Amino acid sequence: MSRVSQAQALENRKRAVAAASQLFRERGVNGISVADLMKSIGLTTGGFYKQFPSKEALIAEATQAAFGDLDLLLTEFDTTHGDHDTARGALVDFYLSAEHRDQPGTGCPTAGFAGDMAREPTGGEVRETYAAGVQEFAGWLSADADDGLPMVATLVGAILLARATAGTELSEKILESTHKALTTSQGLDPES
């Protein structure tokens, strides 16, 4: 049996976290076993326990990584669109799109982990990590008059309902009506 170098072990850990971040958002934390996760990246279950003390530790790290990806996306929106209000409007356009609805694995972790976090023990590391990510997202969305939480709640609620009704006319109506309501109420309407 060959021993894995420290560099390779670190790379394996990064791959496990990235795969978990995506698969947990797609299937839920209970919808993917450690064995299936490790198989998806070509490693064994034994390799998992060399990297992580528990699945809970991986969930916390995967949640943090997903919010790190969201931070990069938000920075990209600011850079691409020049000013923050335009970036916020573009994010709303993207967030409430069929593309975002249909790709939960690479979508917003606020929505992707919401159901699982509601079942996590209060005060635990996983829930704290998630709450910090939600607060950062709300901060980015905030306008001068609020803390961004109403917009986060509206976006996440809409995308969860649109995903739950995907394939029906109602799903499209949820995306369209929420987009209209947010862009009008937040002054993000490009026609105003």
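Observations on the model:
- Each Cα pair under 8 Å and six or more residues apart adds its sequence gap; the mean of these over the residue count of the chain is a relative contact order of 21 percent.
- Net +/- balance of residues flanking ARG13 in space, Cβ distance below 11 Å, scoring K and R +1, D and E -1: +1
- Since only THR86, GLY124, GLY112 are under comparison, the one whose Cα sits farthest along the positive direction of the charge dipole of the chain, derived from C-beta charges on Lys, Arg, Asp and Glu, is GLY124.
- An oblate overall shape is assigned to region 118-183, the ratio a/c of its alpha-carbon gyration tensor axes (a ≥ b ≥ c) being 1.5 or greater and a/b not exceeding b/c.
- In the context of the full set of protein chains, residues of region 111-168 present 49 Å² of accessible surface per residue (probe radius 1.4 Å, heavy atoms only).
- Förster radius 25 Å - calculated FRET efficiency between LEU170 and ASP69, Cβ distance, rounded to 0.05: 0.30
- Pair ALA57, THR79: separation of 7 Å Cα→Cβ label points (nm): 3.3 nm
- Taking only protein heavy atoms and a 1.4 Å probe, the accessible area of the chain is 53% carbon and sulfur.
- In Å², nearest 10: area of GLU11 left accessible to a 1.4 Å probe: 80 Å²
- Correct choice for Rg and Dmax of the Cα atoms in Å that was computed from the model, options [x] 20.5, 70; [y] 15.1, 43; [z] 18.3, 66: [z]
- Listed by number, the DSSP H helices of the chain that run 20 Å or longer by alpha-carbon position along their axis and have mean Kyte hydropathy of at least 1.0 are 149-164.
The values are calculated or read from the model by the stated rules, or taken from the named source; none is laboratory data. A quick note: this is a predicted structure, and the numbers were derived from the prediction, not measured. A quick note on method: Cβ atoms are made from the backbone with ideal geometry, for glycine too, and the neighbour counts reach across all protein chains shown. Just the protein is used for accessible areas: all its heavy atoms, side chains included, with ligands, DNA and RNA removed. Shrake-Rupley method; radii C 1.70, N 1.55, O 1.52, S 1.80 Å.
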